[in-house]
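The structure under discussion appears below in the form of structure tokens.
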Amino acid sequence: MQCPPALCVPTTASSRLAAVRRLVQPGAFASMAAALAGQNRTVGLADPVVAWMATAFASRKLRYVRDPVLCNGLRNADLWRAPQATFANGGGDCEDLSIVAVSALMAFGVEDAWLVVGKLGGEGHAWVDGSDILNGFLVEATKSSLIRREPPSSYVPSHRFHPTMGAQIFTSVGWQPLAV
């Protein structure tokens, strides 16, 4: 399937799930995953993927890049990029970098990697959460950092999206399936 380099994504759960299904591309990171696995790393861990992202930040292949205010003239939409477009752009915003992280994690065998949208410090934000053989984690893709404990209270999740497992909404009892 040919994937668009970028999509204007309305802020609805169904639009965001459709975008994740189109833009998350583990196959784009097959060679990176093979190289990391060849370094005697345990497949299925988030740690080497986040270290790889930190190297991409340090070498300036990735950086935080703010989106335009309007996406094709739409006020209630956000520009989300495929990994190749994020690298071609020299970086991306929180959704773009989270899409890169989810794609790389899945390529490395971490199947439970979700793009989460919510608030950080009261502002709209996206990050990655999931679990691997060591337990749960949060990836702050804009800083290529990994949190392996309860996320700080400043992260307030709303919804999370996975290309094959669908959408979930965060409630007072935790993550619940969301029919979209």
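Summary of values
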quantity	calculated
Qualifying positions in the range 46-89 - surrounded by fewer than 19 Cβ atoms within 10 Å (Cβ to Cβ), part of a strand (DSSP E or B) and aliphatic (A, V, I, L, M)	L74, A77
Qualifying positions in the range 118-149 - among the small types (G, A, S) and surrounded by fewer than 22 Cβ atoms within 10 Å (Cβ to Cβ)	G118, G121, G122, G124, S131, G136, S144, S145
Flag if V156 is touching a Phe, Trp or Tyr at 6+ places or on another chain (Cβ under 7 Å), modelled with pLDDT of 95 or more, among the hydrophobic types (A, V, I, L, M, F, W, C) and under 19 Å from T11 (Cβ atoms)	no
Set V173, V180, V156: member being free of Cβ contacts under 8 Å to residues at least 12 places away in the same chain, more than 30 Å from A37 (Cα to Cα) and either buried (at least 22 other Cβ atoms within 10 Å of the Cβ) or aliphatic (A, V, I, L, M) (or both)	V173
Qualifying residues in the range 16-28 (those that are touching a Leu at 6+ places or on another chain (Cβ under 9 Å) and in a helix (DSSP H, G or I)) - the one surrounded by the most Cβ atoms within 10 Å (Cβ to Cβ)	L23
Filter result (of a type in the set (A, V, I, L, M), farther than 18 Å from F108 by Cα and in contact with a Cys (Cβ under 7 Å, 6 or more places away or on another chain)) within the range 121-178	A126
Residue count, the range 58-113 (criterion: of a type in the set (S, T, N, Q) and free of Cβ contacts under 8 Å to residues at least 24 places away in the same chain)	1
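The values are calculated or read from the model by the stated rules, or taken from the named source; none is laboratory data. Nothing here was measured: the structure is a model prediction, and the numbers come from that model. Here Cβ is always computed from backbone atoms with ideal geometry, including for glycine, and neighbour counts include all displayed protein chains.
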